[in-house]
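Let me begin by presenting the structure, written as C-alpha cells, before commenting on it.
The values are calculated or read from the model by the stated rules, or taken from the named source; none is laboratory data. All of these numbers come straight from a predicted model, not from anything done at the bench. A quick note on method: Cβ atoms are made from the backbone with ideal geometry, for glycine too, and the neighbour counts reach across all protein chains shown. In case anyone asks, the SASA skips ligands and DNA or RNA and just uses the protein heavy atoms, side chains included. Shrake-Rupley method; radii C 1.70, N 1.55, O 1.52, S 1.80 Å.
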Amino acid sequence: MIKISLVTITFQAAGVLAPTLESVRRQDYPMVEHVIIDGASKDATVAMAEEYRRSVAEEKLGWEVTVVSEPDKGLYDAMNKGLRRVTGDYVCFLNAGDRLPDADTLLKVAEAVDRGEDGIKPSVVYGDTDIIDADGHFLRHRHLSPPDLLTWRSFRQGMLVCHQAFYARTDLAKRVSYDLRYRYSADVDWCIRVMKEGEAAGAPTARAEGLLALYLSEGETTRHHKASLRERFDVMRRHYGLPATLIMHLSFVWRAVKGRWRGEKDSQQ
C-alpha cells in the first residue's frame, strides 16, 4: 500500500483553511501524510492547523500531520520546503481553499498506481478538476481537460492538468525544485520537469478515474493573470522552443477571440 503525501501552503488563511483540512480528514485511505507549511501567519491559521493535527492524531491511526510556521520567500519557496519534508510515495500540493472532492479521492489515486504497467509505478497520477467558490459551490468544470495519455509534451496545449490534481512520484519530484525566478507559473515548469524525469526513468503517467480536486477560484494566478501569462510564455519557450511557443500562443488568442465572438452572437439571438 502506497503512502500519499499532501502539502498545504498557508498564509493568513484562517478564512479558507477549514474546508481544506476537513476534506483531507474525511479520506478513507489509511496511509496519509499531511505537511502544512505556513508563512508565519498572524491570524488563527496556525491554531487551526495545530488543532487539526491533534484531532487527526486521535482519530486516524497511521496518519502523520506536520505543521511548520516560519517566514518564507513566497509561495514556491514554501512549496520547496514542503517537498523536502515529505516521505510518502506520491506527493500532491493541496493549498488553502482547495479541497479533495470525495472521501475516496486518495483511494482513486492509489488504485491508479496499482494499475501501473509491468510493475512500474507511474511517474504521475492525474485526474479532473472542478472550480468552486469560497463557499464550496460548483462554478464550472475546468476548461482544460486531461488527456488519456499525458506526457510532458502535452503541456504545449496549456496546463491540461491542474496542479491540485497532479500526484507526482516523490522520488522523481524531489529531483526538481520549484524555480523561484517565477512568481506565478513555477508550478507549470515543475510539472513539466517532473514528467521529463519520469520519461527518462521509463515510468508512464496514469489517469485516475473521476474528479481529484476542487480548485478555489481567484487564486494568485487568477489575480495576476497578465504576469502569469508572461511567465508561462517563458516556461513554454524554455521547454518547447520559441517557434512552437509562438504558434501555440497564436492559437490560444484565436480560440479566445472565436469564443468571445460566439458569445456575442449568441447574446444577440
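Candidates are the residues of segment 155-189 that are open to solvent by 10 Å² or more (accessible area, probe 1.4 Å) and of a type in the set (Asp, Glu); the one that is farthest from Met248 (Cα to Cα) is Asp171. Confirm whether Thr66 is of a type in the set (Ser, Thr, Tyr), in contact (Cβ under 8 Å) with a residue 24 or more places away in the chain and surrounded by fewer than 20 Cβ atoms within 10 Å (Cβ to Cβ). Taking the combined requirement at face value, the residue satisfies it. In segment 21-29 there is no residue matching the filter, namely being touching a residue at least 24 places away in the same chain (Cβ under 8 Å), farther than 25 Å from Asp135 by Cα and open to solvent by 30 Å² or more (accessible area, probe 1.4 Å). Of the residues contained in segment 190-211, one or more are found to be closer than 18 Å to Thr8 by Cα and at pLDDT 95 or above.
Close Cβ contacts (under 9 Å, 6 or more residues apart or on different chains) running from residues in segment 46-57 that are within 9 Å of Leu21 (Cβ to Cβ) and without any contact (Cβ under 8 Å) to a residue 24 or more places away in the chain to residues that are charged (D, E, K, R) and assigned to a helix (DSSP H, G or I) are absent. Listed by position, the strands (runs of 3 or more DSSP E) contained in segment 105-212 that have at least 2 residues being more than 19 Å from Cys92 (Cα to Cα) and of a type outside the set (Val, Ile, Thr) are 138-141. Taking the residues in segment 103-124 that are under 17 Å from Asp148 (Cα atoms) and open to solvent by less than 70 Å² (accessible area, probe 1.4 Å) as candidates, determine which candidate is nearest to the chain's Cα centre (by Cα). In this case the residue turns out to be Val124. Whenever a residue of segment 185-204 is over 21 Å from Asp114 (Cα atoms), its partners that are at pLDDT below 95 and open to solvent by less than 10 Å² (accessible area, probe 1.4 Å), lying with C-beta atoms within less than 6 angstrom and at least six residues away or across chains, give the pairs Ser185/Ser228; Ser185/Val235; Val188/Met159; Val188/Val235; Asp189/Val235; Ile192/Phe155.
Looking for something touching a helix residue (DSSP H, G or I) at 6+ places or on another chain (Cβ under 7 Å) and either among the small types (Gly, Ala, Ser) or more than 27 Å from Arg230 (Cβ to Cβ) (or both) - is there at least one such residue anywhere in segment 134-151?
Yes, some residue in segment 134-151 is touching a helix residue (DSSP H, G or I) at 6+ places or on another chain (Cβ under 7 Å) and either among the small types (Gly, Ala, Ser) or more than 27 Å from Arg230 (Cβ to Cβ) (or both).
The condition of being open to solvent by less than 70 Å² (accessible area, probe 1.4 Å) and touching a Ser or Thr at 6+ places or on another chain (Cβ under 8 Å) does not hold for Ile192. In segment 224-233, the condition of being crowded, with 19+ Cβ neighbours inside 10 Å, at pLDDT 95 or above, on the phi < 0 side of the Ramachandran plot and not in a loop (DSSP other than H, G, I, E, B) is met by no residue. Of all residues in segment 80-98, those that are open to solvent by 30 Å² or more (accessible area, probe 1.4 Å) and among the charged types (D, E, K, R) have Cβ atoms under 7 Å from Cβ atoms of residues that are modelled with pLDDT of 95 or more and not in a strand (DSSP E or B), 6 or more apart or on another chain, in Lys81/Asp72; Asp89/Ile2; Asp89/Lys3; Asp89/Thr170.
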